[in-house]
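The values are calculated or read from the model by the stated rules, or taken from the named source; none is laboratory data. Note that the structure is a prediction, hence the values are computed from the model and not measured. Heads up: the accessible areas ignore ligands, DNA and RNA and are worked out on the full protein's heavy atoms, side chains in. Shrake-Rupley method; radii C 1.70, N 1.55, O 1.52, S 1.80 Å.
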Amino acid sequence: MVGAGIVGASCAWHLRRRGARVTVIDPQLPGQSTSFGNAGCISVSSIAPFSYPGAIRKVPGWLRDPLGPMRIRWQHGLEMLPWFYRFWRAGNARRVTEIATAQQQLMSTVIDDYDEILAATGSEKLRRANGMILLYGNEQEFADDAWHYDIREQFGLPWQRLTAAELRSMEPAVQLGKGGIAVLDPLWQHLRSPADVTRHIAEAAFDQGASWLQDRVSAVTASEQGVSVDTLSGQRLAADYLVVAAGVWSNDLLRQLGHHVPLMAKRGYHSMLSQPNVELSRPLMQIGEYIVITPMRDGLRVAGTAEFARVDAPADYRRAKALLQHARRFLPEINGAEVTEWMGQRPMMPDSMPVIGPLPGHARVLCALGHGHYGITQGPTSGRIIAKLVFNEPPHIDLSPFAADRF
């Protein structure tokens with residue numbers, strides 16, 4: 001299998017646990033790419049797509065702000081137009097309901113799957129289940145987000161508007177300000193080190209007999225009998241199945257098999273504060289700035305932004321610095337003196353749903369890619385589904401909404 005992020009590691013763990021011979025190939029060590037620096041949130045209530053009725057009207061305002069929540073590298077813009085067209089098409093009311101329905105089905109076993117894999121890999125101590133608080137600067141921001149709460153009500157997802165006293169008792173460091181609003185989402189959990197959780201899962205698979213190959217795949221062939229993979233170092237591996245969990249690089253492999261999916265690198269940044277001077281018990285999401293602030297084992301992580309660019313484009317760490325500025329809106333006492341910055345590339349599909357299942361015309365090639373913001377959330381569940389497919393067992397949900405050829 002190709003890919004050693006949270007999705008690939010989970011696939012390897014589930015497959016090896018069931019007795020399959022597994023080789024994991026990735027040029028980077030497990031958990032050291034996109035799974036390393038994300039916000040670490042297990043967001044089971046995040047079933048709505050990022051495109052929704054009226055979302056496209058907000059884009060010009062976001063783009064006018066050079067350090068706002070969204071940026072497009074305009075030199076790459078023309079090649080991105082088909083993706084943004086599909087993104088817009090995914091935002092009509094009917095399609096939003098269809099996407100939310102499919103995502104809720106996929107999310108239905110996420111916590112159980114995490115319970116299993118964390119217990120088996122000795123990683124339970126790296127999880128917290130304290131929910132998440134959404135922060136709005138005023139009533140208008142809250143009203144603009146009403147469609148999210150309509151979705152929550154429609155699908156029975158709980159939420160609670162907090163009083164000032166309730167917020168103060170839960171998170172004393174947060175200063176909401178006059179007219180501010182706080183909402184508790186009790187379903188969210190978070191990982192105190194997503195990189196270490198991913199590494200533990202991968203190492204558990206290796207301890208059980210899976211093989212590790214730190215290399216890059218250069219060529220792929222597939223037939224009805226099996227698959228063959230060549231690597232840059234000159235190795236050739238033959239297998240019954242190939243699992244593609246290579247994140248934003250997945251199309252490099254799929255194209256060799258006559259396919260590609262509308263997968264975009266939606267870059268995110270973080271600023272990691274080792275001495276933040278504030279304490280939090282749970283993640284905060286600032287809706288106006290679209291950032292998430294997560295208490296980690298080694299400090300406080302401020303993560304977010306959506307930057308669309310080619311995979312090989314250089315990082316722009318001004319966006320990481322802007323995250324820290326935005327965090328002071330509700331955490332004015334935050335200390336940014338000791339900070340490290342990071343950029344990762346979310347593998348984003350236009351409809352915010354992953355691709356899970358066989359590649360059309362290639363039953364021996366299984367996709368587990370395009371999870372976007374929800375790789376950490378859906379990784380263990382995707383791994384269990386892939387293992388079921390390899391062993392010719394029906395998954396717990398209908399996979400047709402997640403098919404590679406759905407566009």
#### Entry: Shape box of the range 58-98 [Cα atoms, principal axes, largest first, Å]
33, 21, 11
### Query
Can you list, largest first and rounded to whole Å, the semi-axes you get for the range 170-300 by taking the square root of 5 times each eigenvalue of its Cα gyration tensor?
42, 19, 13
### Query
How far is helix 93-107 tilted off the main Cα axis of the chain, in degrees rounded to 10, range 0 to 90?
70
### Task
Could you tell me how many degrees, from 0 to 90 and to the nearest 10, lie between the Cα long axis of helix 77-89 and the main elongation axis, the longest principal axis, of the Cα atoms of the chain?
80
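Where the eigenvalues come from the Cα gyration tensor of the range 1-115, what are the semi-axes √(5λ) of the equivalent ellipsoid, largest first, in whole Å?
32, 21, 14
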### Task
Please give the calculated 222 nm ellipticity per residue for the chain, where each DSSP H segment of at least 4 residues contributes -39500 (n - 2.57) and the sum is spread over every residue; nearest 500 deg cm²/dmol?
-9000 deg cm²/dmol
### Task
Tabulate in residue order the Karplus-calculated ³J(HN,Hα) for the range 308-324, using 6.51 cos²θ - 1.76 cosθ + 1.60 with θ = phi - 60°, rounded to whole Hz; enter x for Gly and Pro.
9, 7, 4, 4, 8, 6, x, 6, 10, 6, 4, 5, 5, 5, 5, 4, 5
### Query
What span do the alpha-carbon atoms of the range 337-407 cover on each of the three principal axes, reported in whole Å from largest to smallest?
53, 25, 20
## Note on the structure
Kirkwood Rh for the range 132-239 from C-alpha pairs, in Å, is 19.0
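How would you classify the range 99-139 from its alpha-carbon gyration tensor, with a ≥ b ≥ c the square roots of the eigenvalues: rounded for a/c under 1.5, else prolate if a/b is greater than b/c, otherwise oblate?
Oblate.
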### Task
Give me the distance between the Cα centres of the range 115-160 and the range 1-69, rounded to whole Å.
17
### Task
Grab every C-alpha pair in the range 180-233, bin the distances at 10 angstrom width from 0 up to the longest one, and report whole percents.
17, 23, 29, 16, 11, 4, 0
### Query
Reachable aspartates and glutamates from LYS388, Cα under 20 Å, same-chain residues fewer than 8 places away excluded?
ASP112, ASP113, ASP115, GLU116, GLU224, ASP240, ASP398
### Message
Need the list of aspartates and glutamates near LYS321 for cross-linking: C-alpha distance under 17 angstrom, and skip anything on the same chain fewer than eight residues off.
### Response
ASP65, GLU289, GLU307, GLU333, GLU338, GLU341
### Task
Could you pull the accessible area for LYS388 with a 1.4 Å probe, rounded to 10 Å²?
40
### Message
Below 8 Å between Cα atoms, with a sequence gap of 6+, how large is the relative contact order for the chain in percent?
### Response
27
### Summary
Here Rg/Rh (Cα, Kirkwood) for the chain equals 0.95
### Query
Taking the chain as a Gaussian network, Cα atoms linked when under 10 Å apart, which of GLY234, GLY344, GLY299 shows the biggest mean-square fluctuation?
GLY234
### Query
How much area per residue is accessible in the range 201-282 when the probe is 1.4 Å and only protein heavy atoms are counted (Å²)?
46
## Note on the structure
Of the accessible area of the chain, computed with a 1.4 Å probe and all protein chains kept, carbon and sulfur make up a percent value of 51
### Query
What is the Rg over Rh value, at two decimals, for the range 14-72, using alpha-carbon atoms and the Kirkwood definition of Rh?
1.17
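Dividing the alpha-carbon radius of gyration of the range 246-370 by 2.2 N^0.38 Å (N being the number of residues), what value is obtained?
1.29
Averaging over all projection directions, find the projected area of the Cα convex hull of the range 74-177 and quote it in nm² with one decimal place.
11.0
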